[in-house]
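This report refers to the structure that appears directly beneath it.
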Number of protein chains: 2
Amino acid sequence: MDEEQLRALLRDLDALKQRPDPAAIDRMRERVAGMVTPAAAARSKIKDMSSEVVDSNPYSRLMALQRMGIVDNYERIRDYSIAIVGIGGVGSVAAEMLTRCGIGRLLLYDYDTVELANMNRLFFRPDQVGMTKTDAAVQTLSGINPDVTLESYSLNITTVKGFETFLGSLKARSSDGRNTGVDLVLSCVDNYEARMVVNQACNELGQTWMESGVSEDAVSGHIQLLVPGETACFACAPPLVVASGVDERTLKREGVCAASLPTTMGVVAGLLVQNALKYLLKFGQVSPYLGYNSLKDYFPTMEMKPNPQCSNPACVQRQKEYMQSKPARDAAAKAKMEAEASAADECPVHLDNDWNISVVDDSDTVTPSILSTGADSLPEGLVRELPTADSYQEPVAPVTSGAIDDDLEELQRQLDALNSS
Amino acid sequence: MDEEQLRALLRDLDALKQRPDPAAIDRMRERVAGMVTPAAAARSKIKDMSSEVVDSNPYSRLMALQRMGIVDNYERIRDYSIAIVGIGGVGSVAAEMLTRCGIGRLLLYDYDTVELANMNRLFFRPDQVGMTKTDAAVQTLSGINPDVTLESYSLNITTVKGFETFLGSLKARSSDGRNTGVDLVLSCVDNYEARMVVNQACNELGQTWMESGVSEDAVSGHIQLLVPGETACFACAPPLVVASGVDERTLKREGVCAASLPTTMGVVAGLLVQNALKYLLKFGQVSPYLGYNSLKDYFPTMEMKPNPQCSNPACVQRQKEYMQSKPARDAAAKAKMEAEASAADECPVHLDNDWNISVVDDSDTVTPSILSTGADSLPEGLVRELPTADSYQEPVAPVTSGAIDDDLEELQRQLDALNSS
């Protein structure tokens, strides 16, 4: 909102005090009414996502993911519902990213209020201090993208009543009737108890979820994919030290708080939502676990199978169901592979064209030559600065980290170097 | 700003039309005046950063980095000036992170205006459409943290006049006289030409800078540290294909645009600012280069030495100076090591206590036991869920990626496995 508008209003009020004028009151009324919904004035709801490249299209850069060959059908994102539990340093940024990506529906859970002490992380503003985090989030997010359906749950999921509402909302049909249940739960909470509650709810519902966390010293974090029955649940491999019989909150001594940084939390939120987009829109490889050690810029990955002796009965039940459904799963995977193989033989990749994607004649543009790997001739206006990639030698210094190279000769070379040193 | 306040104002205007009332006008005037500076009302300037843990302290979670042993003196961040070139999807988020971290001074450069097509990335709001990006950024950032000195340069650094202003501003004393020049330049531009201009300016000034970039398909990016004379400059290892003699902007065909995602850009901004914080506040390892491949969650690192045949004369000159200063550098490093060694023998780690940091008696808290590595006894209320870490076995599945393991036995094992397969 423009401060200048408010200053003009002040001048008008001063004038009004000097001389009563009903017409002036009408004009002021009109202007204040216009200020009530400034975002809606700048950006009305959009029915279908367009890939048209104009400055006024908020989805042009997202729909371009289709033309770039990254995503098959970007607009499917409107069919998805995501629940975010914990609207703090990670959850609020995750919510903003999904809102700007045009997700169909967002369910937001938190019981806390905005404080000035939260201002060292992204998203919340000083003028929102005192509002509930869910209300403040809805205020900001609805202004950014009115196309997203936002549901705000200001409640504590670790209470009996809160848990019931939480569980019910994860299963419920959306208010417009388009969605039933949620497609993914993102846990962005900051304590063990709340994680165990999300774990319990998702195990009961067989609901896929992603967990995230940031260390108390603010310099590392992680994300993790949890598919009940298929991967380890949060109780399958518990932390080495946990609170027992004591309220976890009282363990935090008065006057002592954890550190936090907008950088670490922004990176973790970005990795989390990227993994969620890959999972929902089916591109790239969904990471089962990804760590972030910012002091060394080290990103460990791993996979964890479920623990048959897991202390969570719902997890054990989901594991049994997953084992029992193995033959059906294998058959479905085989049928899908065969169908794809025969489809590739017989017909073009896309039969329908619901979104009016047109095939572009690339012969007069530079894009395909840059994207394609084997192009020897460059379009007009471009020259090679160095020999072609095929004859390009190794960089000056060796790559210092990366995936383990399982190439036989490379391993032999490393072995020889170690033996001779 | 609260919409409810505006709605109340509407009701008052309606009442005023029914019945003129000077006292009512006075009350309305007072409330509108309060709305003009909502951020300032919620958050006034703070003279010294406090580590006090109260909800009203916006710096408590940052000052906690000192107590956690990550940063020696966090408040030094107020002495630093950072220039951000390009206030787009990466630059705007980097600016917000640094503002929330309480950086002393931010210089922002961009010549573009905010469009709805930018709304798929973080930071800008639909109601800012039409404003210059630098003005919109200053509007938002000054509301978030009034302690940061913001300088807005709405200009094109690739023009002759723009370059002169850019170069001058990087050297200039700040308006309050506290800072001379900048401590770091962050390049967040989206084209080759602008990067070469930043490279030229930093080579001329001997100014350390960090470069960032996101791919046209929106799913990968990188950050890079450039120290003139010491590391490769941007011209030392140019891209394989560059525009030659043609205006780069005309290469982009009408109606075609690059894809972008708030996730990738948020991660790159986070990695960039984290590297900047590590560099300025001297913690962790500053990464010379860090890539981000989001499809595979792969993060390559490497180092690049300068090219003695670099096409940039200022780079070659900085390389000569760096070589010539080697004896002095070695002597200084040796002296510093010796001073630190003798200081460690003789006196406590911190002699002065400018920020009134008090040593906390941890004997009655749980924090030290969690943080310390060798603690066998746990504080009251905590139990071990699993055997102690020393007897804890490897996770179920092996780590699937990570740094190259140069352990001899591990390489031998991999080699045997490959030979036998």
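Here A:Lys320 is the anchor, and the lysines within straight C-alpha reach of less than 16 Å, apart from those fewer than 8 places off in the same chain, are A:Lys305. The length gained by stretching the chain between B:Arg27 and B:Ser44 to full extension, at 0.36 nm per residue less their Cα-Cα distance, is 3.7 nm. Of all residues in chain A, the one whose Cβ lies closest to the rotation axis carrying A onto B, together with that distance in whole Å, is A:Pro20, 1. Annotation for A:Ala335 and B:Ala331: the two label points, set 7 Å from Cα along the Cα-Cβ direction, are 8.1 nm apart.
Residue-wise HN-Hα couplings along the range A:261-276, as the Karplus relation 6.51 cos²θ - 1.76 cosθ + 1.60 with θ = phi - 60° gives them from phi, are 9, x, 5, 4, 5, x, 5, 4, 4, x, 5, 5, 6, 4, 5, 5 Hz; Gly and Pro carry x. Distances between copies of A:Gly69, taken at a point 7 Å out from Cα along the Cα→Cβ vector and listed shortest first: 5.0 nm. Inter-label distance, A:Gln5 to B:Gln18: 2.6 nm, where each label sits 7 Å from its Cα along the C-beta direction.
A cut-off under 10 angstrom between Cβ atoms defines the neighbours of B:Leu122, and their net charge, with Lys, Arg +1 and Asp, Glu -1, is 0. The residues B:Met28, B:Met265, when put in order of fewest to most other Cβ atoms within 10 Å, stand as B:Met28, B:Met265. For B:Thr159, inter-copy separations between label points set 7 Å beyond Cα along the Cβ vector come to 6.0 nm, shortest first.
The numbers here are math on the coordinates, done by the rules we state, and not lab data. Every value quoted in this text rests on a predicted model; they were computed, and no experiment measured them. Glycine gets a Cβ as well: all are built from the backbone with ideal geometry, and neighbour counts include every protein chain shown.
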